[in-house]
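Asker: Got a structure for you, written out below as structure tokens; questions coming shortly.
The values are calculated or read from the model by the stated rules, or taken from the named source; none is laboratory data. Keep in mind the model is a prediction, meaning the values are calculated, not measured. Cβ: placed from backbone, ideal geometry, glycine included. Neighbour counts: every protein chain shown. Accessible surface is based on the protein model in full, side chains and every heavy atom, while ligands, DNA and RNA are left aside. Shrake-Rupley method; radii C 1.70, N 1.55, O 1.52, S 1.80 Å.
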Amino acid sequence: MQLDKVDLMIMEELKEDVRQPVHALAKKLGMKRTTVTYRLNRLRSEGILRIACVGDPELLGYQFLLLIGINVTPGKVDNVINELVCLPAVVVVTLTAGRYNILAWALLRDRPSFANLVSEHLTKIPHVLSLDLMHSFQWIRDDLNYFKSQVGDVRKPPEYSPSDTDLAIVRAMEIDPRQTVAALAKTVGCSRSVAKRRLDSLVSDGIIRFVSLVDPKGLKYEIWVVILVKSQPDKQYAVAKELSMQSTSTHVSLITGQWHIFVAARFKKNEEMYNFMSNTLSSIPGILEFEVIHLLKIPKYSFSSFLDSN
């Protein structure tokens, strides 16, 4: 699908308010409602644009964001991916080429949940040859709006435990984030006033938010990679901050383990990636070593499944 100026204008406007009605969006853009409806539906059906309901793990009391590098028996990657996709605590699963066959993210509330995931689930998946566990303890940048988007945004999680109605609302909004309150009430099985009150509360308290996610390939980004970085201990944060300022970076976080920094980046061409690796990374003081892992496919990218995990 070829994107034009109209498509880009719609996607840009949705960054401000993804739930705004089509008639309001059309008025802002000075277009016909039918044109905006057609373009919006096409962007979503082609997989270029995804409107998402995102839960904030920290505000829900989740302490551990675990990055898991997995190597499996040759020919059994799909088997392991299918097992991982079924685990509620595992929120992202990616097929990769490089050091690992699979990279996954998991959200855990506490240490017992952490131990249970590893001992009772991950280590018992058939065909897994090795696991590399890395705790992501500080997020510097996240353009996908899944975890954190600002440095130093430290908030104390509220005394909050999601009710069955809240969970039902999050699940329903994940399926269709732009649905009306009336439709939401019907799906959840409650009155319109209850649905509106609980939805407004979830949003105002920061428990959930609505974001627009654009497929990088739709913007001509054909290469998506993870870069694992080792840095001098006293320059770990400075290196991560510098990496977060690069236009090609979409996610940067500090991690524990043999690597110190996790970076997700996207490139339009191999030449662009080569220049980043050979010039940009070599010019950042404090980087000792780095390794590139290509992301081939994302079988799971779920926002509410962790609410059921523990």
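Asker: Across segment 187-194, in residue order, what do the Karplus-derived ³J(HN,Hα) couplings come to in whole Hz, using 6.51 cos²θ - 1.76 cosθ + 1.60 with θ = phi - 60° and x for Gly and Pro?
Answerer: Karplus values, whole Hz, x for Gly and Pro: 5, 6, x, 9, 6, 4, 5, 5.
Asker: Additional query: Using a 1.4 angstrom probe on the protein heavy atoms only, line up Met134, Met31 by accessible area, largest first.
Answerer: Result of the area sort, largest leading: Met31, Met134.
Asker: Next question, about the same structure. Report, ordered by chain and residue number, the aspartates and glutamates lying within cross-link reach of Lys124, taken as a straight Cα distance under 20 Å and ignoring same-chain residues fewer than 8 apart.
Answerer: Within the straight-line limit of under 20 Å, Lys124 reaches these aspartates and glutamates: Asp78, Glu83, Asp132.
Asker: Also: Just the number please: accessible area per residue for the chain, 1.4 Å probe, all protein chains included, in Å². Let's see the in-between values first.
Answerer: Details: 15080 Å² over 310 residues.
Counting only protein heavy atoms, the per-residue value for the chain is 49 Å².
Asker: Which net charge results for the neighbourhood of Lys27, defined as the other residues with beta-carbon distances under 12 angstrom from its beta-carbon, given Lys and Arg at +1 and Asp and Glu at -1?
Answerer: +2
Asker: Of Glu271, Glu291, which has the most accessible area and how do the rest follow, probe 1.4 Å?
Answerer: Result, largest first: Glu271, Glu291.
Asker: Keeping all protein chains in the complex and leaving out DNA, RNA and ligands, what accessible area do you get for Ser212 with a 1.4 Å probe, in Å² to the nearest 10?
Answerer: In the full protein context, Ser212 sits at about 20 Å².
Asker: Continuing with the same structure: Mean 1/r over all different Cα pairs, inverted: what Kirkwood radius does segment 12-96 give, in Å?
Answerer: Value: 16.7 Å, from the Cα pair sum.
Asker: Output ³J(HN,Hα) for segment 229-235: one whole-Hz value per residue in order, computed from phi by the Karplus curve 6.51 cos²θ - 1.76 cosθ + 1.60 with θ = phi - 60°, and x for Gly and Pro.
Answerer: Calculated HN-Hα couplings, in order: 10, 9, 9, 4, x, 7, 10 Hz.
Asker: At q = 0.16, 0.22 Å⁻¹, what base-10 log of I(q)/I(0) does the Debye formula yield for segment 157-277 when every alpha carbon is treated as an equal point scatterer in vacuo?
Answerer: -0.86, -1.09
Asker: Among Ile284, Ile175, what's the order by accessible area (1.4 angstrom probe), most exposed first?
Answerer: Reading off the accessible areas and sorting them downward yields Ile175, Ile284.
Asker: Which of the residue pairs Lys5/Lys28; Lys15/Lys241; Lys269/Lys297; Lys5/Lys269; Lys15/Lys300; Lys32/Lys297 have a Cα-Cα distance greater than 26 Å in the structure shown?
Answerer: On the way: Lys5/Lys28 15 Å; Lys15/Lys241 24 Å; Lys269/Lys297 18 Å; Lys5/Lys269 22 Å; Lys15/Lys300 23 Å; Lys32/Lys297 36 Å.
Too far apart for the 26 Å limit: Lys32/Lys297.
Asker: Rounded to a whole number, what % of the accessible area of the chain do carbon and sulfur atoms account for, probe 1.4 Å?
Answerer: Reported share for carbon and sulfur atoms: 51 percent.
Asker: Quick one: how many Å² of Tyr38 are accessible to a 1.4 Å probe, rounded to 10?
Answerer: The accessible area comes out at roughly 130 Å².
Asker: Rounding to the nearest 20 debye, state how big the charge dipole of the chain is about its Cα centre with +1 on each Lys and Arg Cβ and -1 on each Asp and Glu Cβ.
Answerer: Charge dipole, the chain, about its Cα centre: 960 debye, nearest 20.
Asker: Which residue, His135, His294, His127, has the most motion in a Gaussian network model of the chain that connects Cα atoms within less than 10 Å?
Answerer: Per the Cα network of the chain with a 10 Å cutoff, His127 tops the list.
Asker: While we're here: Determine ³J(HN,Hα), in whole Hz, for all residues of segment 27-43 in sequence, where each value follows from phi through the Karplus function 6.51 cos²θ - 1.76 cosθ + 1.60 and θ = phi - 60°; x replaces Gly and Pro.
Answerer: Residue by residue, segment 27-43 yields 5, 4, 8, x, 10, 6, 4, 5, 5, 5, 4, 4, 5, 5, 5, 5, 4 Hz.
Asker: Using only C-alpha positions, report the orientation-averaged shadow area of the convex hull of the chain, nm², one decimal.
Answerer: 17.4 nm²
Asker: What's the local net charge at Ala182, with K and R +1, D and E -1, over the other residues with C-beta under 12 Å away? Before the final figure, lay out the partial values.
Answerer: Details: positive: Lys186, Arg192, Lys196; negative: none.
Taking every other residue near Ala182 into account, the sum is +3.
Asker: Moving on to the next point. Scan around Val91 for amide H atoms under 5 Å from its own, H built in the peptide plane at 1.01 Å from N, and keep only partners 5 or more places away or cross-chain.
Answerer: HN-HN under 5 Å from Val91: Trp105, Ala106, Leu107.
Asker: For the pair Asp176/Asp132, report the inter-label distance in nm, with labels modelled 7 Å from Cα in the Cβ direction.
Answerer: For the pair Asp176/Asp132, the computed spacing is 4.3 nm.
Asker: Can you compute the radius of gyration and Dmax for segment 206-274, using only the Cα atoms, both in Å?
Answerer: Expressed in Å, the Cα Rg and Dmax of segment 206-274 come to 14.1, 41.
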